[in-house]
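The values are calculated or read from the model by the stated rules, or taken from the named source; none is laboratory data. Everything numeric in this text was worked out from a predicted model, so none of it was measured. Neighbour counts run over all protein chains shown; Cβ positions are idealised from the backbone, glycine included. For accessibility, only protein heavy atoms count, side chains too; no ligands or nucleic acids. Shrake-Rupley method; radii C 1.70, N 1.55, O 1.52, S 1.80 Å.
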Amino acid sequence: IDTPDYDCSGLVENFLVREDGPNFIFANALIRDGAYESLLQANRQELHRKAADWYDGRDAILHARHLDRSGAKEAAPAYLAAARQSTEQYHYDQSLDLIDRALEISEEADRASLALYRGELLLTAGRGEEAVDAYRHAEELAKEDLDRCDALIGQAAGLRLTGGRAEAMDILSRAEAIARDADFIVALAQIHYYRGNLLFTEGDREGCLDEHEKALEFAGTAEAPEWQAHALSGLGDAYYARGKIAAAHE
C-alpha cells in the first residue's frame, strides 16, 4: 500500500491480524478472504503485481503465482522458471503442476517450449508413456524445426523406456533428417546416443559402438559436455559388451 510506516497495532488489538516474527499475518483465513474479496479487480491486480515484484528473487513460485493473478503476460515464463527451480530440488510433481498452469495461460508462441519441458520432466521421472504423449503434443504445437526435432527425440527417448524400439528407431530417422538439414549439432549427438542405446538392447554391439562414437563426435563439436558424458557412458557399455574391459573402464 506504499505506506512503509503503517501501524498494525489497531488490527492486532481487534484480532484481525497477528504478529509473526517481524511480520504480520491475518488472524484466520476468513478475515483474509473477506478483505481480498472486498478489493476491486483493478486494485487486486495492482497489489498482486507489487507482491510479484517483491517475491522476484526471493520465491520463484510465489513470484509466478502473483504475476498470474495480476494478469501479467510474464506469468507463463515465470512458471517455467519456477518449474526449473523445483526440478533442481527434485520436486517433479510440483514442477508438473507449475508447467500445467503455464500451459493453461500461455500465449501460442510459448506453448511448444512449455510442452517440451513437460515431456522432459516426465521422462526424468521415468514416466515413459506419459512422456511420449507429452512430446507428441509438443510436436503438434511446434512451429520451428528445432522444437519439432526435440519433440521427436523426446518421443524416441520415452519409447526406449516402454519397449517401443522399432517405432523409436523410425522416429529417430525422422529427427535426423531435420537435424542434418538444419545443422542441429547437439540434436545429432542426442539422436546417435539414443540410437546406440536401442542397438545395445538389440544385441548389435558393432552398431552400438559406431553410434556412440558418432554421438561423442557431435557432442564434442557442439561443446556439449552433458552429451559428451552420455556418449562416453554409451561407449563404456559398448566396449563392455564386446569384452574389452580395459577400454570400457577408460
Note to self: Whole angstrom only: what separates the Cα centroid of region 84-138 from the Cα centroid of region 173-248?
What the structure shows: 26 Å
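Using Cα-Cα distances under 8 Å and only pairs 6 or more residues apart, what relative contact order does the chain have, in percent? Please list the in-between numbers first.
Details: 324 pairs, mean separation 19.7, N = 250.
About 8 percent, as a whole number.
Any chance you could run the full-extension gain for R84 through N23? It's 0.36 nm times the residue separation minus the Cα-Cα distance, nm to one decimal.
Numbers: separation 61, 0.36 × 61 = 21.96 nm, distance 2.93 nm.
That works out to 19.0 nm of additional length.
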Notebook entry, point to check: What FRET efficiency do you get for E213 and L161 if R0 is 30 Å and r is their Cβ-Cβ distance, rounded to the nearest 0.05?
Noted result: 0.80
Notebook entry, point to check: Rounded to the nearest 500 deg cm²/dmol, what is the calculated helix-only ellipticity per residue at 222 nm for the chain, with -39500 (n - 2.57) per DSSP H run of length n ≥ 4?
Noted result: -24500 deg cm²/dmol
Margin query: In region 111-167, if the dipole is taken from +1 on Lys/Arg beta carbons and -1 on Asp/Glu beta carbons about the Cα centre, which of G163, L114, A138 is farthest to the positive end?
Written below: G163
Note to self: Explain nothing, just the number: dipole magnitude of the chain about its Cα centre with +1 on each Lys and Arg Cβ and -1 on each Asp and Glu Cβ, in debye rounded to the nearest 20.
What the structure shows: 340 debye
Item checked: Sites D170 and L146, calculated FRET efficiency, Cβ-Cβ separation with R0 22 Å, nearest 0.05 -> 0.60
Check: Quick one: length gained pulling R58 to K244 fully straight, 0.36 nm per residue minus the C-alpha distance?
Finding: 61.8 nm
Check: What accessible surface, in Å², does a 1.4 Å probe find on C8, ignoring ligands, DNA and RNA and rounding to the nearest 10?
Finding: 30 Å²
Notebook entry, point to check: Using a Gaussian network for the chain with springs between C-alpha atoms less than 10 Å apart, which of these wobbles most: I191, I61, I31?
Noted result: I31
Item checked: Exposure of V132 as accessible area (Å², to 10), given a probe of 1.4 Å and all protein chains -> 10 Å²
Next item on the list: For region 43-56, take each phi angle, set θ = phi - 60°, evaluate the Karplus expression 6.51 cos²θ - 1.76 cosθ + 1.60, and give the result in whole Hz per residue in order, putting x for glycine and proline.
Entry: 5, 4, 5, 5, 5, 4, 5, 5, 5, 4, 4, 5, 7, 4
Checklist line | Relative frequency of Cα-Cα separations exceeding 28 Å in the chain, percent | finding: 49 percent
Checklist line | Electrostatic dipole magnitude of region 65-146 [Cβ: Lys, Arg +1; Asp, Glu -1; Cα centre; debye, to 20] | finding: 280 debye
Next item on the list: With a 1.4 Å probe and every protein chain left in place, tell me how much accessible area I105 has, in Å² to the nearest 10.
Entry: 60 Å²
